[in-house]
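Peer 1: Dropping a structure here in structure tokens format, bear with me for questions.
The values are calculated or read from the model by the stated rules, or taken from the named source; none is laboratory data. Every value quoted in this text rests on a predicted model; they were computed, and no experiment measured them. With ideal geometry, Cβ positions are generated from the backbone for all residues, glycine too; neighbour counts draw on all protein chains shown.
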Amino acid sequence: MMGRPMKPSISGVDLGYSFPLGARVDGEGVNFSVYSKHARAIELLLFDGPDAPVPSKTIPLEQPHHRTYHYWHAHVAGLAAGQVYAYRVHGPNVPDKGLRFNADKVLFDPYGRTIARPKSYSRAAACGTGDNTARALKSVVVDARGYDWEGDRPLDRPYESTVIYEMHVGGFTRHPNSGVAPERRGTYAGVIDKIPYLKDLGVTAVELLPVFEFDASDAPPGLTNYWGYSPVSFFSPHGAYSSRQDLLGPITEFRDMVKALHRADIEVILDVVFNHTTEGNENGPTLSYRGFDNEAYYMLAPDPAEYMNFSGCGNTLNSNHPIARRLILDSLKYWVHEMHVDGFRFDLASILSRDESGRPVPNPPVLLDIESDPMLASTRLIAEAWDPGGLYQVGNFVGDSWLEWNGRFRDDVRAFIKGDAGVVPRLAERLVGSPDLFAHEEREPEESINFLTCHDGFTLNDSVTYNGKHNEANGEGNRDGSDDNRSWNCGIEGPTNSPDIESLRNRQVKNALAVLMFSTGTPMLLMGDEVRRTQMGNNNAYCQDNELGWFDWSLVSKHADVRRFTKILIEARLHMRAWEGAEARTLNELLRRTRVEWHGTRLRDPRWEDAETRSLAATFHDPDGKFALHAMFNAHWEARDFELPGRADGQPRHWRRWLDTALASPHDIARWNEAPHIAGPSCRVESRSTVFLFSASAPGRPGS
């Protein structure tokens with residue numbers, strides 16, 4: 001503990017300490033500390049429960065006794081974990097000076113570890129004037145000690161051995177056909193029940209859409225904020241994802257999930273939103289940050305009564321202000337050290353490189369603090385390196401340890417697969433780790449997070465089923481969501497019973513998956529793409545907490561061939577020994593160490609300058625000469641014959657066909673030792689198909 005010595009202030013209440021922020025349990029009670037520079041007075045409110053209409057005790061934090069610098073604090077004897085509390089802050093309400101104190105509103109603790117949400121919670125009641133005590137979000141005292149981690153530690157898996165699965169905690173098991181008990185559907189416990197599915201698929205990390213407490217009512221009327229990009233608290237796990245009803249249940253159940261995933265050798269990465277909060281613009285609710293210190297937590301416009309909105313969500317967190325920066329660092333360290341997560345994906349991370357006036361800066365303090373903090377030294381850091389304000393930093397993100405979502409990979413691969421002209425040179429760059437974007441940084445190729453789809457946009461199935469978005473269910477006249485989808489419906493818009501169309505769509509999905517798992521970098525797969533999950537053409541399903549956004553488990557059997565295809569691709573990338581005696585044993589090791597020769601349908605003639613070519617081939621040679629893999633990509637609407645390379649001594653190679661997306665399952669992909677031999681100096685690749693051949697000096701066998 002730090003700060004001044006405690007002296008009695010009122011009965012059972014001592015002056016307390018300014019550090020640590022939040023509510024900290026000790027042997028005698030609880031110490032409370034919050035930051036507010038311009039407040040004139042603060043009241044600590046203690047409640048008998050989340051639905052209590054009034055506080056059972058109100059403790060005034062009096063100046064100067066309960067204030068050290070800009071920190072307000074008190075120690076209350078006899079309190080313990082589970083205590084519900086909140087604050088009322090008095091100060092000037094002068095919006096044109098950036099001050100928005102409102103003593104009518106009850107505020108949760110910015111450092112609170114769990115949110116208490118009353119049944120009568122009202123977002124509207126937190127707006128405007130009028131007391132909202134009975135309907136306000138509050139905090140809960142948490143004692144981090146006592147949970148039995150049973151020796152669990154973050155896995156610290158190398159990037160080259162990683163396949164990420166982006167998933168929604170609620171949507172993963174909420175469907176009635178999930179096979180999960182009703183009380184566990186859509187919860188952290190439900191994820192535990194489905195770990196065998198993830199393990200069998202072969203993914204090594206789950207990237208969870210926001211699990212920080214968020215406001216599900218921050219959505220158009222009649223809809224729900226389903227994705228969770230509306231953060232309330234940066235320390236509290238989302239309570240609605242817990243199957244437990246007790247106030248401390250979400251923390252315990254979240255930890256149970258992390259521990260269970262780690263036991264299955266699966267990492268946990270959190271999608272974190274440090275670019276804005278759910279308080280929105282000047283007309284939004286006063287829930288916490290605005291009521292404690294508006295100008296410290298938010299970027300204000302030249303007219304301080306208004307907010308800068310680089311997030312597109314009404315406000316922008318003032319991430320490089322010392323107070324907001326400390327909040328972010330403390331949050332990250334809490335989730336790593338108290339909740340054992342392995343890493344973070346930062347939503348709209350480019351916003352964090354803007355200064356308080358919104359200008360990009362070359363060495364943003366918060367980003368450098370994050371990557372240089374010794375407590376986060378082994379933590380995965382992944383940036384979505386763009387923002388709605390137009391700052392696009394893919395390939396140029398600050399620092400040495402950040403991985404980056406490669407949006408160029410998504411766009412170029414999808415454009416090639418749909419048959420766009422002039423994409424072949426860009427496809428070649430994406431296959432070998434996007435050196436046009438990342439080589440100048442002298443980083444490892446795995447620092448490109450390669451993905452075809454993510455939560456935001458079409459699913460993989462919908463990218464081959466719809467030419468345009470169909471977001472009518474969102475209630476915005478189909479105006480929301482991107483119009484740049486790089487999609488093609490294969491001849492009919494939407495679902496169809498046509499066997500030919502369905503066969504083509506299946507092939508296009510497999511083409512995309514083959515490119516994803518074959519490319520150098522760290523692959524990320526969207527939940528359900530392995531079984532052709534659909535959102536019926538909705539490319540912005542942020543408000544669809546229904547079957548449109550959930551994982552439909554009937555697809556696991558319906559599209560078992562696509563799932564098998566995906567599973568073998570992952571197995572080959574990470575585990576399957578391709579040949580004996582060589583240093584590199586897996587596909588990913590080969591891709592990282594290989595020598596590449598580029599071809600078109602003719603050897604060593606890729607026709608880079610021909611804008612109309614839609615075919616590419618590449619030979620990947622293991623340095624020791626014991627293995628070669630030859631990949632042929634044909635996005636043309638007609639079949640093509642590709643010449644096959646021979647050995648260095650001019651003799652023909654003996655090739656085996658590992659993968660051919662034009663063939664029906666189970667012939668579409670084989671394990672190395674089951675791959676059939678092919679004959680001839682050339683190989684026919686059917687229209688809109690991908691073929692991988694390999695040649696080994698000794699037969700391969702599956703390995704682990």
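Peer 1: Checking the conditions here, which among LEU155, LEU79 is of a type in the set (A, V, I, L, M, F, W, C), within 23 Å of the chain's Cα centre (by Cα), assigned to a loop (DSSP other than H, G, I, E, B) and surrounded by fewer than 22 Cβ atoms within 10 Å (Cβ to Cβ)? Give the steps one after another, and end with the answer.
Peer 2: Working: LEU79 fails: within 23 Å of the chain's Cα centre (by Cα).
After ruling out the rest, the residue left standing is LEU155.
Peer 1: Identify the single condition in (1) surrounded by 17 or more Cβ atoms within 10 Å (Cβ to Cβ); (2) under 29 Å from SER519 (Cα atoms); (3) more than 20 Å from the chain's Cα centre (by Cα); (4) not aromatic (Phe, Trp, Tyr) that ASN315 does not satisfy, given that it satisfies every other one.
Peer 2: Just one mismatch for ASN315, condition (2).
Peer 1: On the basis of being in contact (Cβ under 8 Å) with a residue 24 or more places away in the chain, among the hydroxyl-bearing types (Ser, Thr, Tyr) and within 15 Å of LEU516 (Cα to Cα), does SER448 make the cut?
Peer 2: Criteria met by SER448.
Peer 1: Still on this structure: Does the range 670-680 contain any residue that is part of a strand (DSSP E or B), modelled with pLDDT under 95 and within 29 Å of LYS199 (Cβ to Cβ)?
Peer 2: no
Peer 1: From the list VAL424, VAL398, VAL394, exactly one residue is buried (at least 20 other Cβ atoms within 10 Å of the Cβ), touching a Lys or Arg at 6+ places or on another chain (Cβ under 9 Å), aliphatic (A, V, I, L, M) and modelled with pLDDT under 95. Which is it?
Peer 2: Result of the check over VAL424, VAL398, VAL394: VAL394.
Peer 1: Step by step: first the residues of the range 92-109, then only those that are part of a strand (DSSP E or B) and not aliphatic (A, V, I, L, M), then the one that is surrounded by the most Cβ atoms within 10 Å (Cβ to Cβ). Which residue is that?
Peer 2: Selected residue: ARG100.
Peer 1: Right, here's the next one. How many of the residues making up the range 616-639 are in a strand (DSSP E or B) and buried (at least 21 other Cβ atoms within 10 Å of the Cβ)?
Peer 2: Here the count works out to 12.
Peer 1: Looking only at the range 625-669, how many residues end up being in contact with a Gly (Cβ under 8 Å, 6 or more places away or on another chain) and either modelled with pLDDT under 95 or within 22 Å of ILE568 (Cβ to Cβ) (or both)?
Peer 2: 4
Peer 1: Of the residues ASN294, ASN283, which is more than 20 Å from PHE212 (Cβ to Cβ), crowded, with 24+ Cβ neighbours inside 10 Å and in contact (Cβ under 8 Å) with a residue 40 or more places away in the chain?
Peer 2: Criteria check complete, one pass: ASN294.
Peer 1: Of everything in the range 175-210 that's in contact (Cβ under 8 Å) with a residue 60 or more places away in the chain and assigned to a loop (DSSP other than H, G, I, E, B), which residue is surrounded by the most Cβ atoms within 10 Å (Cβ to Cβ)?
Peer 2: THR187
Peer 1: May I pose another question? Residues that are modelled with pLDDT under 95 and not β-branched (Val, Ile, Thr): find the helices (runs of 4 or more DSSP H) completely inside the range 541-613 holding 2 or more of those.
Peer 2: Those helices (runs of 4 or more DSSP H) span 560-574, 587-593.
Peer 1: Residue by residue through the range 370-391, note down the ones that are within 18 Å of ILE323 (Cβ to Cβ) and either of a type in the set (A, V, I, L, M) or crowded, with 21+ Cβ neighbours inside 10 Å (or both).
Peer 2: ILE370
Peer 1: For the range 82-121, which residues satisfy the criterion of being of a type in the set (Gly, Ala, Ser) and either in contact with an Asp or Glu (Cβ under 6 Å, 6 or more places away or on another chain) or touching a residue at least 60 places away in the same chain (Cβ under 8 Å) (or both)? Step through it out loud before you land on a result.
Peer 2: Keep residues of the range 82-121 that are of a type in the set (Gly, Ala, Ser), which gives 82, 86, 91, 98, 103, 112, 116, 120.
GLY82, GLY98, GLY112, ALA116, SER120 - these are the residues of the range 82-121 that are of a type in the set (Gly, Ala, Ser) and either in contact with an Asp or Glu (Cβ under 6 Å, 6 or more places away or on another chain) or touching a residue at least 60 places away in the same chain (Cβ under 8 Å) (or both).
Peer 1: Let me ask something else about it. Select, from LEU332, LEU348, LEU367, the only residue that is of a type outside the set (Ser, Thr, Tyr), over 21 Å from VAL211 (Cα atoms) and crowded, with 23+ Cβ neighbours inside 10 Å.
Peer 2: On inspection, the qualifying residue turns out to be LEU367.
Peer 1: If ARG595 passes every condition in (1) of a type in the set (Lys, Arg); (2) surrounded by 14 or more Cβ atoms within 10 Å (Cβ to Cβ); (3) out of contact with any Gly (no Cβ under 8 Å at 6 or more places or on another chain) but one, which one does it miss?
Peer 2: (2)
Peer 1: Does any residue in the range 676-687 that is more than 13 Å from HIS630 (Cβ to Cβ) come within less than 7 Å, Cβ to Cβ, of a residue that is assigned to a strand (DSSP E or B) and basic (Lys, Arg) six or more places away or on a different chain, and which pairs are these?
Peer 2: PRO676/ARG656; PRO676/ARG657; HIS677/ARG656
Peer 1: For the range 130-176, give me each residue that is over 25 Å from GLY190 (Cα atoms) and in contact with a helix residue (DSSP H, G or I) (Cβ under 7 Å, 6 or more places away or on another chain).
Peer 2: Matches in the range 130-176: ASN132, ARG135, ALA136, TYR159, GLU160, SER161.
Peer 1: Of all residues in the range 116-133, which are part of a loop (DSSP other than H, G, I, E, B), over 14 Å from ASP215 (Cα atoms) and hydroxyl-bearing (Ser, Thr, Tyr)?
Peer 2: THR129
Peer 1: While we're here: Which condition number does THR58 fail, the rest of (1) farther than 28 Å from LEU329 by Cβ; (2) in a loop (DSSP other than H, G, I, E, B) being met?
Peer 2: Against the list (1) farther than 28 Å from LEU329 by Cβ; (2) in a loop (DSSP other than H, G, I, E, B), THR58 comes up short only on (2).
Peer 1: A further question on this structure: Those residues that are closer than 14 Å to LEU591 by Cβ and of a type in the set (D, E, K, R), I need them from the range 442-461; list them, please.
Peer 2: Filtering the range 442-461 for residues closer than 14 Å to LEU591 by Cβ gives 444-446, 448, 450.
Correct list: GLU444, GLU446.
Peer 1: Going by the conditions given, is THR133 of a type in the set (S, T, N, Q) and farther than 30 Å from ALA86 by Cβ?
Peer 2: Taking the combined requirement at face value, the residue does not satisfy it.
Peer 1: Here's something else I'd like to know. Identify, please: which residue in the range 85-129 is closer than 11 Å to THR286 by Cβ and among the small types (Gly, Ala, Ser) and is, among those, farthest from the chain's Cα centre (by Cα)?
Peer 2: For the range 85-129, the residue satisfying everything is ALA103.
Peer 1: Okay, next question. With part of a loop (DSSP other than H, G, I, E, B), surrounded by 14 or more Cβ atoms within 10 Å (Cβ to Cβ) and among the hydrophobic types (A, V, I, L, M, F, W, C) as the only criterion, which of LEU663, LEU693 stands out? Break it down stepwise before answering.
Peer 2: Working: LEU693 fails: part of a loop (DSSP other than H, G, I, E, B).
Only one candidate qualifies: LEU663.
Peer 1: Right, here's the next one. What pairs can you find where one residue is in the range 58-75 and surrounded by 18 or more Cβ atoms within 10 Å (Cβ to Cβ), the other is of a type in the set (D, E, K, R), and their Cβ atoms are less than 6 Å apart, with a gap of 6+ or different chains?
Peer 2: Pairs that qualify, where the first residue is surrounded by 18 or more Cβ atoms within 10 Å (Cβ to Cβ) and the partner is of a type in the set (D, E, K, R), are HIS75/ASP14.
Peer 1: Could you please let me know if GLY228 is of a type outside the set (Asp, Glu), surrounded by 24 or more Cβ atoms within 10 Å (Cβ to Cβ) and in a loop (DSSP other than H, G, I, E, B)?
Peer 2: It is true that GLY228 is of a type outside the set (Asp, Glu), surrounded by 24 or more Cβ atoms within 10 Å (Cβ to Cβ) and in a loop (DSSP other than H, G, I, E, B).
Peer 1: Still on this structure: Filter the range 485-506 down to residues that are touching a residue at least 24 places away in the same chain (Cβ under 8 Å) and either in a loop (DSSP other than H, G, I, E, B) or within 22 Å of the chain's Cα centre (by Cα) (or both), then give me how many there are. Outline the logic, then answer.
Peer 2: Going through the range 485-506, the residues touching a residue at least 24 places away in the same chain (Cβ under 8 Å) turn out to be 485-490, 493-495, 504-506.
Retained after the next criterion (residues that are either in a loop (DSSP other than H, G, I, E, B) or within 22 Å of the chain's Cα centre (by Cα) (or both)): 485-490, 493-495.
Residues in the range 485-506 being touching a residue at least 24 places away in the same chain (Cβ under 8 Å) and either in a loop (DSSP other than H, G, I, E, B) or within 22 Å of the chain's Cα centre (by Cα) (or both): 9 in total.
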